[in-house]
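Each value in this text was obtained by applying a stated rule to the coordinates, not by laboratory testing. Note that the structure is a prediction, hence the values are computed from the model and not measured. Here Cβ is always computed from backbone atoms with ideal geometry, including for glycine, and neighbour counts include all displayed protein chains.
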Amino acid sequence: MTKTAVITGVNGQDGSYLAELLLNRGYGVVGLYRRSSSNNFDRLKNVMGHSRLILNEFDLTDPSDVTDTIIKYRPDEFYNLAAQSHVATSFKQPTTTFEIDSIGVINILEAIRKFSGTTRFYQASTSEMFGRNYSINHNGEKYQDEQTSLMPQSPYAVAKLASHRMVQIYRDAYKLYATSGILFNHEGPRRGVNFVTRKITSYIGQLVNNLITKDTKLKLGNLNASRDWGHAQDYVYAMYLMLQQDVADDFVISSGKAYTVRDFVDKAFKLVDLDYNDYVVIDPEFYRPAEVDYLKGDCSKAKKVLGWEPKISFDQLVQDMVSSDIELYKIR
Ligand code: NAP
Ligand code: G4F
């Protein structure tokens with residue numbers, strides 16, 4: 001029988017890749033998007049019109065909308081990918097961030113608990129929850145895994161930590177199949193342009209296509225922060241696997257390698273034979289009130305239990321994003 005999966009944030013980066021994956025696996029997918037005066041379904045162009053895809057307006061912060069959706073579909077699987085996902089924005093909009101990223105998740109958990117107890121729930125938790133904290137292995141290397149304590153450094157991370165704990169509570173107290181993926185940064189050509197990787201590659205795409213010149217500088221903030229960057233296509237497969245286990249649990253999903261923002265920008269510019277120093281300027285506007293300096297995940301548990309590991313390397317990721325943005329701006 002066809003399984004039904006609900007995806008919130010279906011027109012976000014991860015939502016669009018996950019919709020493709022589940023449709024390819026024979027699911028009926030209910031994709032939920034937030035209404036706006038200028039709805040954008042560009043990321044869904046590969047699946048628009050698919051006979052097993054239903055798209056509905058939805059707002060996570062509205063309890064009756066959430067409850068009605070659960071009652072209407074009583075889905076086999078519910079992937080909550082909707083969020084105010086931009087860390088810097090969360091310092092400017094802490095209340096909105098909390099309403100979406102925390103209260104919104106409680107709305108779903110409550111609706112599942114009351115009306116659809118067999119629905120398997122996936123929550124998009126984040127490595128941002130580790131904040132400045134890390135563990136140290138026997139070689140003296142810093143890393144984060146499921147045992148590392150969480151020390152959030154932004155309103156976004158605090159909101160995500162609250163929902164992360166709620167998922168654990170609903171799993172333990174009410175025996176719901178509720179799981180959180182603690183995903184490290186994952187990117188790709190569909191990444192929003194205000195995240196640092198895509199900001200860099202979209203600048204390069206415009207530069208290479210002569211839509212801007214060297215006089216238009218690329219303004220960035222902290223180049224010294226390290227991130228563990230993977231490809232979103234690999235990471236949505238891990239989400240799917242997490243809901244196929246006998247027992248619900250939380251998993252770190254990461255590449256296991258850390259690079260600085262400077263490494264990313266250097267590599268991206270070198271791919272088009274340019275030196276980033278000629279184009280990048282530091283603008284304090286892009287510094288954050290509090291920064292997370294170092295993220296590098298150890299996903300041994302996911303490898304062992306889920307049989308998951310990343311397939312796309314850092315070099316392939318940067319190449320994919322640069323090539324894709326060069327193509328994108330060619331046709332404009
Ligand atoms: P994204 O591209 O920003 O997508 C988020 C989606 O959520 C957007 O479609 C957005 O709609 C929607 N949304 C926001 N508020 C909503 C609301 N009140 N009701 C319904 N929908 C709402 O994020 P992503 O990169 O795909 O990430 C997916 C999830 O994983 C997020 O929860 C994020 O916090 C988490 N995460 C991401 C990463 C990463 O590196 N990408 C790592 C760890 C965790 P609009 O377009 O209208 O804003
Ligand atoms: O690309 P970023 O905005 O991603 P960040 O803050 O790591 O958050 C992303 O990953 C999290 C997982 O760890 C997700 F939960 C979250 O939803 C999001 O997807 O910034 C990466 C680094 C930061 O250290 C930032 O300070 O890049 C630095 N940076 C330097 N210049 C910049 C810029 N970030 C942005 N967005 N814009 C800049 O101009």
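Remarks
- Over all pairs of different C-alpha atoms, region 118-217 has a mean inverse distance whose reciprocal, the Kirkwood radius, equals 16.5 Å.
- Under a 5 Å amide H cut-off, with hydrogens placed 1.01 Å from N, L183 pairs with S125, T126, S127, I253 among residues at least 5 apart or on other chains.
- Environment charge of L218, counting only residues whose C-beta is closer than 11 Å and scoring Lys/Arg +1, Asp/Glu -1: +2
- Fraction of the pair-distance distribution of region 1-150 above 26 Å, Cα-Cα pairs, percent: 33 percent
- Rg/Rh ratio calculated on Cα atoms of region 223-332 (Kirkwood radius): 1.05
- Beta bridges per DSSP with both ends in the chain, % antiparallel, nearest 5: 10 percent
- Selection from I169, V247, G49 lying farthest towards where the dipole of the chain points positive, charges on Cβ: G49
- With helices as the sole contributors, the chain gives -11000 deg cm²/dmol at 222 nm; each DSSP H run of n ≥ 4 counts as -39500 (n - 2.57), and the sum is divided by every residue.
- Stretch gain in nm, segment N56-D246, where the contour uses 0.36 nm per residue and the Cα spacing is subtracted: 65.4 nm
- Computed log10 I(q)/I(0) for the chain at 0.08, 0.11, 0.14, 0.16 Å⁻¹: -0.37, -0.71, -1.16, -1.49, from the Debye equation with unit scatterers placed on every C-alpha and solvent omitted.
- In region 57-117, the trypsin sites (Lys or Arg not before Pro) that fall in loop regions by DSSP, at most 12 other Cβ within 10 Å: none
- With Rh defined as the Kirkwood radius, the inverse of the mean 1/r over Cα pairs, the Rg/Rh of region 192-287 is 1.10.
- Fewest-first sequence of F269, F115 by Cβ atoms within 10 Å of each Cβ: F115, F269
- Peptide packing for 119-129, 201-211 was compared via the average number of neighbouring C-beta atoms within 10 Å per residue; ordered from the highest value, the list is 119-129, 201-211.
- Which listed pairs, of K199/K330; K3/K311; K199/K257; K142/K301; K219/K270; K267/K330, have C-alpha distances above 23 Å, in listed order: K3/K311
- Taking a sphere under 10 Å around the Cβ of R190 and counting the other residues whose Cβ falls inside, with K and R at +1 and D and E at -1, yields a net charge of 0.
- The dipole here belongs to the chain: it is taken about the Cα centre, uses +1 on the Cβ of Lys and Arg and -1 on the Cβ of Asp and Glu, and is about 420 debye.
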